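Before any comments, here is the structure.
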Amino acid sequence: MALMAALLAGCGQQKATVAADSGHDIYMARCAMCHGVNGEGAPGMYPPLAGSEWVDGPPQRLAAIILDGLEGRAGNYNAVMPGWGAVMPDAEIAAVMTWLRQRDGKGPVTAVEVNHVRMETAARNTFWTIEDLRNEPIR
Amino acid sequence: MMRTPGDGSDYQFYGQWIGKDAADFALTNQDGGTTQLSGLRGKVVLMTFGFTHCPNICPTTLANLAAIRQGLPALDQARTQVLFITVDPARDTPKAMKDYVGFYSPSFMGLTGSADAIAKVAKDYGAYYEAVLQDSQVAGNYYTVNHSAYVYLIDPEGRFAILYNNDKLADHARMDADIEHVLAGAGQ
């Protein structure tokens, strides 16, 4: 991640953050239908996002899930999450991640960081599973 | 036989194996004509995104790609095409691209197009770019472009075969080994 940031810095100034307010709009359009308007989730189906270790943990892991989706049992939640990488640009994913994480007091995520994950996982063509995420830590 | 990991040879690719169909595109080349990716079948295509005002990464990338290509046997050089696709089509005219890529190798192709066409190709390949105004604006047109700097290897059958993080380009011998392995599998 640091290397990529350094490379990109060579081609111009880094934008420090993505606006979190647009992140809320994106959340309402893309995520709230399942995860709830306040990130409360739904029992047995969709995990809550507010205060979740998956949201507040390594941003690379969260970006990977948003890009390629997640299936299989995640705790007590059984629904399959689709991947959004084909329809959401890096900046949108970064904005929604930033909005979600800032609610929990975590730092922002840049589009450059999301793009790094997109490219490092470019070979992937299936949903993630919890096991994959544990076994293939994303750099 | 097309080269893939586990195809029976013991070769380990230096780059990240992708093995997906490469999205086709047609853009304007440095001579003002049209270049279509699928028209380059039979060659290894090394493709990267950048822009001619790029102060740092693009020159390094293109210098590395020139050295990588020159490190190949002559026949393989002729079957290896470098494509430099601009992420700054407003400033990168075909003429600007010709002057820029020609400095590194007369064999290189520089591609430009409409903003929409460029955005489509960048999206298809997961490339990130964003124009950023500089602090010291000159005539309202002084900006730079942040962009990702990967190199995509498209194999002779038009498959997006291998992805290289930019830091891998410095090892020319290992890059050449990948290219030669892919070309050897494509038949002569």
Within segment A:99-106, does at least one residue satisfy the condition of being part of a strand (DSSP E or B) and away from every other protein chain (no Cβ under 11 Å)? no
Some residue of segment A:103-112 being without any contact (Cβ under 8 Å) to a residue 12 or more places away in the chain and hydrophobic (A, V, I, L, M, F, W, C): no
What is the residue count in segment A:81-92 for residues that are in contact (Cβ under 8 Å) with a residue 24 or more places away in the chain and under 22 Å from B:LEU163 (Cα atoms)? 6
Of all residues in segment B:15-60 being farther than 23 Å from B:ASP88 by Cβ and charged (D, E, K, R), which is surrounded by the fewest Cβ atoms within 10 Å (Cβ to Cβ)? B:ASP21
Listed by range, strands (runs of 3 or more DSSP E) wholly within segment B:61-171 having at least 1 residues that are among the charged types (D, E, K, R) and touching a Gly at 6+ places or on another chain (Cβ under 9 Å) are B:129-133, B:159-164
Taking B:ASN56 as the residue in question, decide whether it is closer than 19 Å to B:ALA127 by Cβ, within 14 Å of chain A (Cβ to nearest Cβ) and without any contact (Cβ under 8 Å) to a residue 40 or more places away in the chain. yes
Going by the structure shown, is A:THR126 among the polar types (S, T, N, Q) and assigned to a helix (DSSP H, G or I)? no
Taking the conditions exactly as written (at pLDDT 95 or above, in contact with a helix residue (DSSP H, G or I) (Cβ under 8 Å, 6 or more places away or on another chain) and within 14 Å of another protein chain (Cβ to nearest Cβ)), does B:TYR152 satisfy them or not? no
Looking only at segment A:74-126, how many residues end up being among the hydroxyl-bearing types (Ser, Thr, Tyr) and closer than 22 Å to A:MET33 by Cα? 2
Please enumerate the residues belonging to segment A:104-132 that are more than 25 Å from B:TYR164 (Cβ to Cβ) and buried (at least 19 other Cβ atoms within 10 Å of the Cβ). A:PRO108
Name the one entry in B:ALA117, B:ALA96, B:ALA122, B:ALA127 that is of a type in the set (Gly, Ala, Ser), crowded, with 21+ Cβ neighbours inside 10 Å and either within 30 Å of B:GLU180 (Cα to Cα) or more than 10 Å from chain A (Cβ to nearest Cβ) (or both). B:ALA127
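The values are calculated or read from the model by the stated rules, or taken from the named source; none is laboratory data. Remember, it's a predicted structure, so these values are computed and weren't measured experimentally. We place every Cβ from the backbone using ideal geometry, glycine too, and count neighbours over all the protein chains shown.
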